[in-house]
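To keep things clear, I will list the structure first and then write my remarks on it.
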Amino acid sequence: GAVVSQHPSRVICKSGTSVKIECRSLDFQATTMFWYRQFPKQSLMLMATSNEGSKATYEQGVEKDKFLINHASLTLSTLTVTSAHPEDSSFYICSARESIDGYTFGSGTRLTVV
Amino acid sequence: GQQLNQSPQSMFIQEGEDVSMNCTSSSIFNTWLWYKQDPGEGPVLLIALYKAGELTSNGRLTAQFGITRKDSFLNISASIPSDVGIYFCAGRYNQGGKLIFGQGTELSVKP
């Protein structure tokens, strides 16, 4: 079955630094990937839709300059949290669209900003 | 962002009991999906529904796509301890489009 690898699974960074999270589709090509943010005991909130070779589409209220998305290849999308602050601490999850109906999720990245 | 209305928020049940949870939306969806999420992991797809009225099973799980296209339910029969987790519904307006998630139902099963 389709597998999506997300790395790192956990990261702790200092306030003011940037962190990059990778999302890879291992056995299929994904022209579209999605990035979500999830706070404890809450739902997944879509941040942006990442399209290979073009600019990401951000949801309302998501700062595109803070959450940089790059989808340079058919198997890799990256999310960079720039100038991270403690309020950016969260669980970030990606999903890759493997087919018109199939979406596979990564295992998530726990970001803690200290 | 937009969310679906999912209930109940949490359930504490005895092993062997049946469970039911549902989602409603003010908008019409063309696809309903049900996911399970374990702590520290991404969601895993349980059941996908593509047509109004569709009733689909996956082992002890059964889900239905409401005929109004604005609601869906998930039933789990004869619950077991490994059913513990958070269950999310998700709706999609069009094929290949983004998913809108419910708030989740946290299920606890007492052996």
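The values are calculated or read from the model by the stated rules, or taken from the named source; none is laboratory data. Just so it is clear, the model here is predicted, and its values are computed rather than measured. As a convention, Cβ positions derive from the backbone with ideal geometry for all residues, glycine included, and neighbour counts pool all protein chains shown. All accessible areas refer to the heavy atoms of the entire protein, side chains included, with ligands and DNA or RNA removed. Shrake-Rupley method; radii C 1.70, N 1.55, O 1.52, S 1.80 Å.
With K and R counted +1 and D and E -1, the other residues having a Cβ less than 14 Å from that of B:Asn5 yield a net charge of 0. Applying a 4.7 Å cutoff between beta carbons, the unpaired cysteines of the protein assembly as shown are A:Cys13.
The listed residues A:Tyr103, A:Tyr58, B:Tyr93, once ranked by accessible area (1.4 Å probe) with the largest placed first, stand as B:Tyr93, A:Tyr58, A:Tyr103. Of the solvent-accessible surface of the protein assembly as shown, computed with a 1.4 Å probe and all protein chains present, 51% belongs to carbon and sulfur.
Surface analysis of the range A:13-64 yields an accessible area of 56 Å² per residue, using protein heavy atoms and a 1.4 Å probe. Projecting the Cα atoms of B:Asn22, B:Val109, A:Ser77 onto the charge dipole of the protein assembly as shown (Cβ charges, centred on the Cα centre) puts A:Ser77 farthest toward the positive pole.
Based on the Cβ-Cβ distance from B:Ser10 to A:Glu87, what FRET efficiency comes out when R0 is 25 Å, to the nearest 0.05? After rounding to 0.05, the efficiency reads 0.45. Summed over both chains, the contact between A and B buries some 1700 Å² of accessible surface at a probe radius of 1.4 Å. By a 1.4 Å probe calculation restricted to protein chains, A:Asp27 has an accessible surface near 90 Å², given to the nearest 10.
Which of rounded, prolate or oblate describes the range A:5-106 when judged by the alpha-carbon gyration tensor and an a/c cut-off of 1.5? Prolate shape, in that a/c is at least 1.5 and a/b is the bigger ratio. Note on B:35-44: average number of Cβ atoms from other chains within 10 Å of each residue's Cβ is 5.
The magnitude of the dipole of the protein assembly as shown, with charges of +1 and -1 set on the Cβ of Lys/Arg and Asp/Glu and taken from the Cα centre, is near 400 debye.
Relative contact order of chain A: 37 percent, from C-alpha pairs under 8 Å at least 6 residues apart in sequence.
Placing dummy labels 7 Å off each Cα toward the beta-carbon, the span from B:Ser108 to B:Asp38 is 2.0 nm. What chain B shows is 46 Å² of accessible area per residue, with the surface traced by a 1.4 Å probe over protein heavy atoms.
Mean partner shielding of peptide A:36-49, defined as the number of other chain Cβ atoms within 10 Å of each residue Cβ, is 5.
Using a simple spin-label model with pseudo-atoms 7 Å out from Cα toward Cβ, A:Ser73 and B:Leu45 lie 2.4 nm apart.
Label sites at B:Ser27 and A:Glu59, each approximated as a point 7 angstrom past Cα along Cα to Cβ, lie 1.1 nm apart.
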